[in-house]
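Structure, as structure tokens:
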Amino acid sequence: MKPKSILLTTLALAGGLLFLSPVLYSVWMAFQTANAYYTGTFEFTLGNFALAVGEYNFARYLVNSVIVSGLVTLIGITFATMAAFAFARFRFRGGNLLFGATVATLMIPSHISLIPNYLTLAKVGLLDSYAGLILPSISSGFAAFFLRQYIRGIPRALDEAAYMDGATPLKVLWRVIVPISRPAILSMALFIFVGEWNNYIWPLVAVGDSDMYTLQVGLARLYDINPGEGLIDWPLVMAASTLTILPILLGFILVERHLVRGITMGAVK
């Protein structure tokens, strides 16, 4: 190996370890007791994970987060793909204005809609429910914009060939556009999933029943678990944090190839 290659590899490895050092330290901390942590020693234990899952109901929070994030991703990417197809392939009155309004939503802070969403869902009785957690998050202007740009790069000749064979617009979308756009769609699906998985403010506001807490809200509650006067059980918090990372890590591993391909091809187009 050339000296230049060795240097670049070393720098890349050092940069990767530096970037991962907070995560590695958190995982290391999760496997020790609170007493050992505060006394500067190390005592290996799996009790923090068992305590988080058993006594502090993290298994339930995990199920809630999977249901909410999964449905938000499925519904959100479906709507975004259909909207992107319409914006990319059809010309209709007000289409440019509507697309501009969609892009403009990217400049609006999400916290502005917090109170209107809360009041609306409170009037229809959807607070403390999966529907109340899911409905405000099913639209993504960024996903619609990204997929529209991607679909515009697909030759129209493929659409026209399908129409000549008697396909409807929905069949063209499902049989032609979706298979070709799979890298971009999976990239946006992961983007939506991660954003909803890490969402804290809306579940905190919309949910009062502890059985409906998501992982992020449940994780915040662990700061009240004190092993001593004025202390926080950081190993317990880090164990719970490690559990919240695992589904995201698994999702990234599954779609990593499509994620990189979707982003790079979208940028080129």
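Applying a 10 Å radius around every beta-carbon, put 244-252, 26-34 in order of their mean neighbour count, most first. Kindly include the intermediate steps, with their values, before the conclusion.
Numbers: 244-252: 14.2, 26-34: 18.3.
So the peptides 244-252, 26-34, ranked by packing, come out 26-34, 244-252.
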TODO: Select from Tyr61, Tyr150, Tyr223 the residue whose mean-square fluctuation is largest in a Gaussian network model of the chain (Cα-Cα springs shorter than 10 Å).
DONE: Tyr223
Task: Extension gain (nm, one decimal) between Leu170 and Ala59, 0.36 nm per residue minus Cα-Cα - done: 36.0 nm
Task: Computed label-point distance, nm, for sites Ile232 and Thr120 using a 7 Å Cα→Cβ extension - done: 3.4
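If you stretched the chain out fully between Phe142 and Val27, how much longer would it get, using 0.36 nm times the residue separation minus the C-alpha to C-alpha distance? It would help to have the intermediate numbers written out before the result.
Numbers: separation 115, 0.36 × 115 = 41.40 nm, distance 3.29 nm.
My answer for the length gained is 38.1 nm.
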Task: Degrees between helix 95-104 axis and first principal axis of the chain (Cα, 0 to 90, nearest 10) - done: 10
TODO: Compute log10 of I(q)/I(0) for the stretch 1-112 with the Debye formula, placing one identical point scatterer on every Cα and leaving out solvent, at q = 0.09, 0.24 Å⁻¹, to two decimals.
DONE: -0.64, -1.26
TODO: State to the nearest 20 debye the size of the charge dipole of the chain about its Cα centre, where the only charges are +1 on K and R beta carbons and -1 on D and E beta carbons.
DONE: 1660
Open item on the list: Give me, ordered by chain and number, the residues 5 or more places off Gln32 or on other chains with an amide H under 5 Å from its own placed amide H.
Closed with: Thr45
- [ ] Identify, among Ala161, Val176, Leu135, the residue whose Cα sits farthest towards the positive end of the charge dipole of the stretch 121-201, taking +1 on the Cβ of Lys and Arg and -1 on the Cβ of Asp and Glu, with the dipole about the Cα centre.
- [x] Ala161
- [ ] Quick one: give the max-minus-min coordinate of the C-alpha atoms of the chain along each principal axis, largest first, in Å.
- [x] 73, 68, 31
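For the stretch 153-255, what D do you get in µm² per second when you plug the Kirkwood radius from alpha-carbon pairs into Stokes-Einstein at 10 °C and 1.306 mPa s? Spell out each step's value before the answer.
Details: Rh = 17.5 Å.
This corresponds to a translational diffusion coefficient of 91 µm²/s.
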TODO: When a/c is below 1.5 the answer is rounded, else prolate if a/b is larger than b/c, else oblate, so apply that to the stretch 73-118 with a ≥ b ≥ c taken from the square roots of the Cα gyration tensor eigenvalues.
DONE: oblate
Open item on the list: Could you work out the pair-distance distribution P(r) of the stretch 69-221 from its alpha-carbon pairs, with 10 angstrom bin width and percents rounded to whole numbers?
Closed with: 10, 34, 30, 18, 7, 1
TODO: Rank Arg221, Arg156, Arg148 by mean-square fluctuation in a GNM of the chain with C-alpha springs under 10 angstrom and give only the top-ranked residue.
DONE: Arg156
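Taken together, the values in this text are just the output of simple stated rules run on the coordinates, not laboratory data. Treat the numbers as computed from the prediction; the structure is a model and nothing was measured. Virtual Cβ from ideal backbone geometry, glycine too; neighbours counted across all protein chains shown.
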